[in-house]
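Here's the structure, in structure tokens; my notes come after.
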Amino acid sequence: MLLLIARPCPGCGDTNWYVCPSCLDALEPAPAISVPGAASASGVIRYEGTARSLVLEGKEPHGRHMLRWWADALAVVAPDDIDLVTWIPASRSGRRLRGYDHGRVLAGAVARRLGRRSARTLRRVDNRAQRGAGRDSRSEVDMCSTRRQHKKRLLLVDDVHTTGASCRIAVTQLIESGASRVDIRVMAVVPDLTRMSRRRAYSDRIGQTPGGASWT
């Protein structure tokens, strides 16, 4: 683990750790995801609580150091047999806010850890920011490929998987541009709150007797 005194832990503010052991212990594995057209898709952690702070730190203007931490985690779960690492481009407003495209920084760091190249393969057509957008508006994001891929095997990295709309559009564009395979790895996955609510309601229901008293 890296030690960086100048930057407090994004999760709790402890100044003695890059990311402190307590915050690491609080992280939960990401739920399973699937993206149509992708050879594989997975996330590192579940996007809630401490994980949210770690993700948002990487998207701040000073967040390059946190993206390097995320790159370590993504490189561990990345496929071995890829040719190129690429990313989903940030909106124009996001780039202006940070002074750089965080996806490009992340992809470059992952590529270096894997001994591969990184390159821009997608361009945003709709430059509206995703941060804070609802699930419905996220499905409207549009992008197009910037170059032919000539049967390349691509690793597509992204920060947060919410509905999967951006990844789905990206995979379609990359396959149509000639990529032979696209694998997706994301920093964090937003849990399906609707599904969780249904499961919780079902659990509550089966935990009650017909008369309404609890079995426990």
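The values are calculated or read from the model by the stated rules, or taken from the named source; none is laboratory data. On a predicted model such as this, the values are computed, not experimentally measured, just so you know. Please note: Cβ atoms are built from the backbone with ideal geometry, for glycine as well, and neighbour counts cover all protein chains shown.
Some observations on this one:
- Residue match in the stretch 24-40 (condition: at positive phi and free of Cβ contacts under 8 Å to residues at least 24 places away in the same chain): no
- Residue selection: CYS9 fails the criterion of being over 26 Å from ARG124 (Cβ atoms), in contact (Cβ under 8 Å) with a residue 24 or more places away in the chain, buried (at least 17 other Cβ atoms within 10 Å of the Cβ) and of a type in the set (A, V, I, L, M, F, W, C).
- Of the residues making up the stretch 50-61, just one is small (Gly, Ala, Ser) and surrounded by fewer than 21 Cβ atoms within 10 Å (Cβ to Cβ), namely SER53.
- Unique match (being farther than 14 Å from TRP87 by Cα, surrounded by fewer than 17 Cβ atoms within 10 Å (Cβ to Cβ) and out of contact with any Pro (no Cβ under 6 Å at 6 or more places or on another chain)) among ARG181, ARG148: ARG148
- If you go through the stretch 101-115 and keep only what is surrounded by 15 or more Cβ atoms within 10 Å (Cβ to Cβ) and not in a helix (DSSP H, G or I), you end up with just ASP101.
- Condition met for ALA119 (surrounded by 21 or more Cβ atoms within 10 Å (Cβ to Cβ), under 14 Å from LEU154 (Cα atoms) and at pLDDT 95 or above): no
- Some residue of the stretch 68-90 being over 16 Å from the mean Cα position of the chain (by Cα), farther than 22 Å from THR121 by Cβ and either acidic (Asp, Glu) or not in a helix (DSSP H, G or I) (or both): no
- Number of residues in the stretch 62-100 that are in contact with a Pro (Cβ under 7 Å, 6 or more places away or on another chain) and surrounded by 19 or more Cβ atoms within 10 Å (Cβ to Cβ) equals 1.
- Residues that are among the hydroxyl-bearing types (Ser, Thr, Tyr), out of contact with any Cys (no Cβ under 6 Å at 6 or more places or on another chain) and under 13 Å from ALA188 (Cβ atoms) do not occur anywhere in the stretch 5-25.
- Residue within the stretch 56-63 that is among the basic types (Lys, Arg) and either under 22 Å from ARG95 (Cβ atoms) or not in a loop (DSSP other than H, G, I, E, B) (or both) present: yes
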